[in-house]
Amino acid sequence: MHVVIHLDADCVAAAAARLVGDALRATPDLAIALPTGRTAIPFYRALVRRHQAGRADFARATTFNLDELAGVGAGDAGSYAEFMREHLFDHVNLKPSRRHLFDGRARQPGHELMRIETEIARAGGLDLAVLGIGGNGHIAFNEPGRALVARSHVARLDASSRRANAHLFGRRLARVPKRALTMGVATILSARRVVLVATGAGKARVVRRALTGPVTTALPASLLQTHPDVVILLDRAAASGLPGASGPGLTITRRE
Ligand code: GLP
């Protein structure tokens with residue numbers, strides 16, 4: 001894993017956007033998995049800026065969102081579909097037919113999960129997956145547990161994950177869905193390259209455990225240690241729990 005430590009959240013966002021812009025240049029028909037969450041907001045802002053500067057062309061790209069809350073979908077307040085429209089889709093030249101999200105309102109979730117897995121396969125697999133990390137160590141909505149589900153599935157959300165999403169529902173916890181449709185860890189780890197973005201002191205402990213602790217289903221992000229091409233973009237605060245020097249499997253570069 002290659003950890004790059006930047007000064008602050010804006011520098012991390014710019015670095016993540018540069019990485020995606022460069023990937024789009026190298027592979028114009030890039031198939032990319034995308035996150036939601038607060039960390040992703042400055043990333044999309046930087047990516048839109050990059051697009052406007054002519055350095056991130058989505059004309060031939062295909063996107064897949066990592067997850068969607070159950071019971072909500074395109075047009076619904078609080079849905080990740082709306083988040084993506086607001087923060088990315090309305091601002092870049094990505095064809096609507098190439099934007100893939102789980103439909104949280106699907107009547108037959110099993111078919112919906114299969115539909116996305118099939119679309120990923122049709123796109124030739126994921127070239128790149130950009131991830132955030134939950135305070136509890138989740139990636140997408142693969143929550144900590146005694147076991148993980150490999151492929152896309154309906155997940156039961158941790159109380160902490162529901163609290164973290166309450167801002168999407170007017171801070172009313174009772175309105176936050178209890179389940180979500182999510183890519184599984186095998187779907188995510190099948191991406192040729194994985195980029196994890198984390199910022200803020202609140203993520204320092206989980207980042208340290210994910211990168212330097214044991215690989216365990218109790219901390220799904222720790223499975224990234226098994227992937228051959230992972231880039232972790234951190235600000236100083238999120239990196240504050242990491243060792244000062246590189247070690248086996250962990251290369252640390254400081255760009256502060
Ligand atoms: C969200 C999403 C994850 C995201 C994570 C971190 O709820 N399901 O895909 O990476 O939690 O969110 P944040 O950036 O707001 O801390």
Residues satisfying the stated conditions in segment 18-41, i.e. surrounded by 15 or more Cβ atoms within 10 Å (Cβ to Cβ) and small (Gly, Ala, Ser): Gly21, Ala23, Ala31, Ala33, Gly37, Ala40
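Does His91 qualify as being surrounded by 15 or more Cβ atoms within 10 Å (Cβ to Cβ) and either under 23 Å from Ile232 (Cα atoms) or at pLDDT below 95 (or both)?
On the way: surrounded by 15 or more Cβ atoms within 10 Å (Cβ to Cβ): yes; either under 23 Å from Ile232 (Cα atoms) or at pLDDT below 95 (or both): no.
Criteria not met by His91.
Condition check ((1) more than 13 Å from the ligand (Cβ to nearest atom); (2) surrounded by fewer than 16 Cβ atoms within 10 Å (Cβ to Cβ); (3) under 18 Å from Phe43 (Cβ atoms)) across all residues:
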site: Asp127; (1), (2), (3): yes, no, yes
site: Leu131; (1), (2), (3): no, no, yes
site: Ile139; (1), (2), (3): no, no, yes
site: Asn142; (1), (2), (3): no, no, no
site: Ser152; (1), (2), (3): yes, no, no
site: Leu157; (1), (2), (3): no, no, no
site: Arg163; (1), (2), (3): no, yes, no
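Residue by residue, here is whether (1) within 16 Å of the ligand (Cβ to nearest atom); (2) closer than 24 Å to Leu47 by Cα; (3) in contact with a Phe, Trp or Tyr (Cβ under 9 Å, 6 or more places away or on another chain); (4) not in a strand (DSSP E or B) holds:
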| position | (1), (2), (3), (4) |
| --- | --- |
| Asp90 | no, yes, no, yes |
| Asn93 | no, yes, yes, yes |
| Ala106 | no, no, no, yes |
| Gly110 | no, no, no, yes |
| Met114 | no, no, no, yes |
Residue in segment 33-55 that is under 29 Å from Pro228 (Cα atoms), within 14 Å of the ligand (Cβ to nearest atom), touching a Ser or Thr at 6+ places or on another chain (Cβ under 7 Å) and touching a residue at least 60 places away in the same chain (Cβ under 8 Å) present: yes
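Yes/no per residue for (1) hydroxyl-bearing (Ser, Thr, Tyr); (2) part of a helix (DSSP H, G or I):
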residue: Val130; (1), (2): no, no
residue: Gly135; (1), (2): no, no
residue: Ala147; (1), (2): no, no
residue: Val154; (1), (2): no, no
residue: Thr187; (1), (2): yes, yes
residue: Val197; (1), (2): no, no
residue: Ala210; (1), (2): no, yes
Options Gly184, Gly135, Gly202: the member that is under 25 Å from Ala14 (Cα atoms), within 17 Å of the chain's Cα centre (by Cα) and of a type in the set (Gly, Ala, Ser): Gly135
Unmet criterion (only one of (1) part of a helix (DSSP H, G or I); (2) in contact with a Pro (Cβ under 9 Å, 6 or more places away or on another chain); (3) hydrophobic (A, V, I, L, M, F, W, C)) for Leu24: (2)
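Would you mind stating whether Ser161 is touching an Asp or Glu at 6+ places or on another chain (Cβ under 9 Å) and assigned to a helix (DSSP H, G or I)? Write out each step before concluding.
Working: touching an Asp or Glu at 6+ places or on another chain (Cβ under 9 Å): yes; assigned to a helix (DSSP H, G or I): yes.
It is true that Ser161 is touching an Asp or Glu at 6+ places or on another chain (Cβ under 9 Å) and assigned to a helix (DSSP H, G or I).
Can you report the number of residues in segment 56-70 which are without any contact (Cβ under 8 Å) to a residue 60 or more places away in the chain and of a type in the set (A, V, I, L, M, F, W, C)?
So in segment 56-70, the residues without any contact (Cβ under 8 Å) to a residue 60 or more places away in the chain come out as 56-61, 63, 65.
Restricting the remaining residues to those that are of a type in the set (A, V, I, L, M, F, W, C) gives 56, 58-59, 61.
Count: 4.
The values are calculated or read from the model by the stated rules, or taken from the named source; none is laboratory data. The structure presented is a predicted model; accordingly, all values stated were derived computationally and were not measured. Cβ sites come from the backbone with ideal geometry, for glycine too, and all protein chains shown count toward neighbours.
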